[in-house]
Structure formats: C-alpha cells, structure tokens
Amino acid sequence: MSGVCVRKVNNLADYLVHATTEDGNIRALAAVTTELVEEARSRHDTAPTATAALGRTLTAAALLGATLKGEQTVTLRLIGDGPIGGVITDADAEGRVRGYAKDPQADLPPNALGKLDVGGVVGHEGFVYVTRDMGFGQPYTGSAPLVSGEVAEDVANYLVTSEQVPSAVALGVLVERNGVVRSAGGYLLQLLPQTDDDQRAELEKNLAALGAVSSAVDAGLTPEDILGRALHGFPFRILGHKPLSFHCNCSRERVLGVVATLPRHEVAAMLEEDRGAELRCHFCNEVYQLTPADLEGILKAKDEPQA
Ligand code: ZN
C-alpha cells in the first residue's frame, strides 16, 4: 500500500505557476504536466519518441498560454522534415491543453546522448508557428525556423526572433520502458531589456544547477520549487497558479456541424454508400459515429430553402 501512497504524492495534479522578480526584470513560469502528457500518450497511442515530442510541445503551449484570458487561445505548431510530420497543440485561458502528432507512431533509436531523439523525429528543417487568438480581430501567426527540432530551443528562438523577448525555455518528458509517461514539465523565463550581465550570469548558473526539468519533476519538485531554484538569489513573488489538463472542446454537436458544411453529394454518399460515418477528432482521437438518421437530418436541413 505504501507504494500506492508514494505514487500519489509524486503525481499531484498538473499546474502552472506564474511569478516575477521584485525588480520586474524577469518573468518566470513553471509547470508540471505529467498527467496531461500521459493522457495525450494514451489517447493517441504515441511511440516513445513521439510521446516526448508531443509532450514537450503540449508543455510549451501551456506555458505560452499562461497569461491568456477569457476566450483567448494560443496554438503552437512544429512542422519539420522529420518522420513525425508535425506536432500541433493549443491551449486556452482555463489551462486546457490539447494536441496531436501527425504520425503518432514515429519513433527513432536514442540519440548520441542516449536520449529520446526528439530533434530527429521532428526534423531540423522546418518552422515553429505560434498563433495567438485574442478573441477579437484576426488571429496573429508568427513563425521562426526550427533550430534543432528539440522543441525548447525552437520555442525560445521563436520568442527571441519573432516576439523580441529574450527567453530561456526548458521542456522535458521522461518515458518509462513500457511507454508510460513518468514525468513531464517545463519552465519559461523571460528577461526584460534592463536585465544586466550579472543577472544573466546568475540566472545561467541557477539553470545549470537545476539540470534537466524532467528529472526535477521526477524527483518530486513542484513548479514553485523549480522557480525557487531557477530564481535563486532573486527576490520574487508568485503572481498566480493555474490548473492544467488535457481537454478537447470537440463534441457530437460540433462534428454534426462540420458535416453540415460538406457538399450535399458528400453527405449523401456517406448515407447511401456507408450507411453512416465515423469521424475522428485529430486533437483528442475521440471517435464519433454518425447514424443514417443523423445524416438524413443534415440532408433535410440542406434541402430546406435558405432564409
Ligand atoms: Zn477532440
């Protein structure tokens, strides 16, 4: 029974912490995402390297979405020339994160460091795209070339080159031998221009001492602990906490709505040739079965005169 208790203590629900140094020069975010990355793995049945690529990208989306409000969303996509084909994630203001890998079975042998070869599976040539939908007007998409496909460097480079915010990003996912996610998390530090060289050197020293973020989470460090180590020597205060979860907003109604936008002959073919339809949500892999009655209802609505 004690083993069960230990596991419970080490698997507190996922959340994110947002902090700033007292001088306002450094904005810091840290997140534990073990549960949501494991849910993504189990929903999409990802192979280990794809699990790490998807898990890191989901964690980055959660960090980028930390300050969203209301109906705002952020979408983070890594599209490279590796076998995974692309990783697509998004996050909303409620800390709900979802995503998928184009090829969830993409897997590679360990890299030269003996680690999951995320850079290889994502690819070294390609782009990172960040779309911010502020809930009004056109969503804004920025992009930057991939640096390594390892995700954290790519996102940091995007923030520096496209959004002009010097940033340090770390993302990590540890996968058990049986493929289950053991720990996942990450942090994002953003430096304002007035940060001086001494502060940067101090920060670099702290981050080197902190080590791999997946190991920190695996050792039981909370987001607060991670920030405490990253900002050691800098007086800081916590601005807020946000629970994080894997959540998709798809539903039967939405799927019916999408089918209703298809050309009439396509809907008719689903009805006449297949006697129904099976639609799968890319983001969460949920399957929706549409019955002949559902399709007949859509066709009937299409045939009604438009108001
Ligand atoms: Zn879905």
The lone condition Gly240 fails out of (1) surrounded by 14 or more Cβ atoms within 10 Å (Cβ to Cβ); (2) modelled with pLDDT under 95; (3) away from the ligand (no atom under 16 Å from the Cβ) is (1)
Considering only segment 260-307, state which residues are aliphatic (A, V, I, L, M) and part of a loop (DSSP other than H, G, I, E, B). Leu262, Ala307
Of the numbered conditions (1) among the aliphatic types (A, V, I, L, M); (2) more than 16 Å from the ligand (Cβ to nearest atom); (3) open to solvent by less than 50 Å² (accessible area, probe 1.4 Å), Ala209 fails exactly one; give the number of that condition. (3)
Single match in Val147, Val160 (criterion: assigned to a helix (DSSP H, G or I), aliphatic (A, V, I, L, M), over 25 Å from Asn285 (Cβ atoms) and away from the ligand (no atom under 16 Å from the Cβ)): Val160
Residues (more than 27 Å from His44 (Cα to Cα) and either in contact (Cβ under 8 Å) with a residue 12 or more places away in the chain or aromatic (Phe, Trp, Tyr) (or both)) located in segment 239-274: Leu239, Gly240, His241, Arg264, Val267, Ala268, Leu271
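A quick yes/no check of all residues on (1) under 26 Å from His247 (Cβ atoms); (2) touching a Phe, Trp or Tyr at 6+ places or on another chain (Cβ under 9 Å); (3) without any contact (Cβ under 8 Å) to a residue 60 or more places away in the chain; (4) within 16 Å of the ligand (Cβ to nearest atom):
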{"residue": "Leu78", "(1), (2), (3), (4)": "yes, yes, no, no"}
{"residue": "Ile84", "(1), (2), (3), (4)": "yes, no, yes, no"}
{"residue": "Gly95", "(1), (2), (3), (4)": "yes, yes, no, no"}
{"residue": "Gly99", "(1), (2), (3), (4)": "yes, yes, no, yes"}
{"residue": "Leu108", "(1), (2), (3), (4)": "no, no, yes, no"}
{"residue": "Asn111", "(1), (2), (3), (4)": "no, no, yes, no"}
{"residue": "Lys115", "(1), (2), (3), (4)": "no, no, yes, no"}
Which number in (1) open to solvent by 30 Å² or more (accessible area, probe 1.4 Å); (2) at pLDDT 95 or above; (3) within 15 Å of the ligand (Cβ to nearest atom); (4) not small (Gly, Ala, Ser) marks the one condition that Asn249 misses? (2)
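The values are calculated or read from the model by the stated rules, or taken from the named source; none is laboratory data. None of these values were measured; they are calculated from a predicted model. We place every Cβ from the backbone using ideal geometry, glycine too, and count neighbours over all the protein chains shown. Side chains are part of the model used for accessible areas, which takes the heavy atoms of the whole protein and leaves out ligands, DNA and RNA. Shrake-Rupley method; radii C 1.70, N 1.55, O 1.52, S 1.80 Å.
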